[in-house]
1. Is there any pair with a first residue in the stretch 3-27 that is touching a residue at least 40 places away in the same chain (Cβ under 8 Å) and more than 15 Å from residue 145 (Cβ to Cβ) and a second that is acidic (Asp, Glu) and within 16 Å of ligand 2 (Cβ to nearest atom) whose Cβ atoms are under 9 Å apart and which are 6 or more apart or on different chains, and what are they?
2. Among the candidates 166, 133, which residue alone is crowded, with 17+ Cβ neighbours inside 10 Å, within 28 Å of the chain's Cα centre (by Cα), within 12 Å of ligand 1 (Cβ to nearest atom) and among the acidic types (Asp, Glu)?
3. Among 95, 71, 88, 118, which is the only one that is modelled with pLDDT under 95, under 30 Å from residue 228 (Cβ atoms) and out of contact with any Lys or Arg (no Cβ under 6 Å at 6 or more places or on another chain)?
4. Which condition from (1) open to solvent by 70 Å² or more (accessible area, probe 1.4 Å); (2) in a strand (DSSP E or B) is the one that residue 204 breaks?
5. Which of the residues belonging to the stretch 305-337 are of a type in the set (Asp, Glu) and under 18 Å from the mean Cα position of the chain (by Cα)?
6. Return the pairs, sorted by first residue and then second, in which the second residue is within 13 Å of ligand 2 (Cβ to nearest atom) and basic (Lys, Arg), the first residue lies in the stretch 51-68 and is under 16 Å from residue 114 (Cα atoms) and in contact (Cβ under 8 Å) with a residue 40 or more places away in the chain, the beta carbons are less than 7 Å apart, and the residues are 6+ apart or on different chains.
7. Among residues belonging to the stretch 267-295 that are in contact with a Ser or Thr (Cβ under 7 Å, 6 or more places away or on another chain) and more than 16 Å from ligand 2 (Cβ to nearest atom), point out the one that is nearest to residue 238 (Cα to Cα).
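The values are calculated or read from the model by the stated rules, or taken from the named source; none is laboratory data. Note that the structure is predicted; figures quoted are calculated from it, not measured. Neighbour counts run over all protein chains shown; Cβ positions are idealised from the backbone, glycine included. Note: areas computed on protein heavy atoms with side chains; ligands, DNA, RNA excluded. Shrake-Rupley method; radii C 1.70, N 1.55, O 1.52, S 1.80 Å.
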Amino acid sequence: MNQVWESLLQTDVAIIGGGPAGLLLSQLLMRAGIRTVVLERKSRDYVLSRIRAGVLEWGTVKLLEQAGVDDRMHREGKPHHGCYLTSDDQMIRIDFVEACGKQVMVYGQTEVTRDLYDAQAALGATILHEVEDVVLNDLKTDAPFVTFTHEGGKHRLDCAYVAGCDGFHGISRPSIPAEVRREFEKVYPFGWLGILSQTPPVDDELIYANHHRGFALASMRNPMLSRYYIQVPLTDRVENWSDEAFWDELRRRLPQEVADKLVTGPSIEKSIAPLRSFVTEPMQWGRLFLCGDAAHIVPPTGAKGLNLAASDVHYLSRALIACYGEGDSTLLARYGEDALQRVWKAMRFSWSMTTMLHQFPEQSEFDRRMQRVELGTLASSADARKVLAENYTGLPY
Ligand code: FAS
Ligand code: PHB
């Protein structure tokens, strides 16, 4: 029976997912005169209610500038020149600028996403929210199309390319046949319990704490909005943690001089996130190109998740602009290869930071000693601090 479509749409690049990857890609492509349609499963408010990343690599800052969405970030964000790693009461400062001449920007992913939505609205972008039943069709042809349900009707979107920016649980990655995909995964035996509180951060810089009771992280969003995390068992539940219990445990894991300064307050958000390392190869199949969490997941210890989404978008937007601008599809053909070479380096860094800083259930005394030696090497070796700083602030694209 012929399907009767509520609407027949046509664009250059169909973007599945309106998170940071999808919105940033749409913004860069539209500024280059390439037409896009963004299909997002959730409402705009729901997307903006998510509390996610907090640290932007300098490469991500440059890409947001290129996209014309950097004004508020430079006004309200805060450049950070270093961070601390602690082990019980020892504090090791990693001076990014001294070690590698670069820095990071502390500016929440929620704000980046808000800025992207505002910029996309200014460009008159087509972003359809609360779409359902998205299906990718004819990806191995030069005329792929996307079907979906929106406002009760079935729609068809004809396009030249599909960007799968729909995150780890999206439909884009599974649209590549299982026999084509190679997946690499490590699930960590713990999670992060995170809290957001309208309190002044305990320090001007981030503190990553290795403690025998478990990992902790002191971060922030602005001078009156703090973000803290403690490692918890996978079996733990957020209901088990009163604010007071959280603050007490955080104090135990921070060096005494830091714990003494901690200003506590009621949580305005509290949640547990699991930790995993995951990569799927290839990141492209026919006219489908995967970006961001749709293709890879990193444990947040290295602050790489959002930043890898940005570098994928850099490679894909550059390739599509070359294709539309000069008819050169060389970069498009090797998009997955270019993106993956950087993904795997960030995968290694995030795994190494997680292994160095967390307590593992079956960890032996030897393992714990290796963590102490690795932290001691960072305390004593400028070269070791340089390698960490180069990875944390972001390797070149
Ligand atoms: P996203 O998941 O952000 O966006 C995908 C979008 O696609 C979503 O809006 C979703 O609704 C939509 N979608 C899904 N399926 C769809 C479908 N079938 N049709 C249409 N739309 C669909 N990274 C860090 O660097 N630091 C952190 O501290 C950090 N903390 C995190 C905490 C949590 C709880 C989570 C889940 C992630 C965290 N991350 C962190 C990683 C996170 O920031 C991601 O890397 C980032 O959101 C990646 O952006 P996207 O690839 O756009 O994916
Ligand atoms: C955060 O502020 O949410 C944050 C910062 C650095 C990380 C992870 C999370 O490595």
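1. Listed by first residue and then by second, the contacts come to 17/293; 19/293; 21/293.
2. Of 166, 133, the one residue that is crowded, with 17+ Cβ neighbours inside 10 Å, within 28 Å of the chain's Cα centre (by Cα), within 12 Å of ligand 1 (Cβ to nearest atom) and among the acidic types (Asp, Glu) is 166.
3. Testing whether each residue is modelled with pLDDT under 95, under 30 Å from residue 228 (Cβ atoms) and out of contact with any Lys or Arg (no Cβ under 6 Å at 6 or more places or on another chain) leaves just 88.
4. So the condition that residue 204 fails would be (2).
5. Restricting attention to the stretch 305-337, the residues satisfying the condition of being of a type in the set (Asp, Glu) are 312, 326, 328, 337.
Once the filter is applied, which keeps residues that are of a type in the set (Asp, Glu) and under 18 Å from the mean Cα position of the chain (by Cα), the stretch 305-337 yields only 312.
6. What qualifies is 54/221; 54/227.
7. 294
Residue-wise test of (1) in a helix (DSSP H, G or I); (2) over 30 Å from residue 352 (Cα atoms); (3) open to solvent by 10 Å² or more (accessible area, probe 1.4 Å).
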site	(1), (2), (3)
61	yes, no, no
65	yes, yes, yes
68	no, yes, yes
72	yes, yes, yes
79	no, no, yes
85	no, no, no
118	yes, yes, yes
124	no, yes, yes
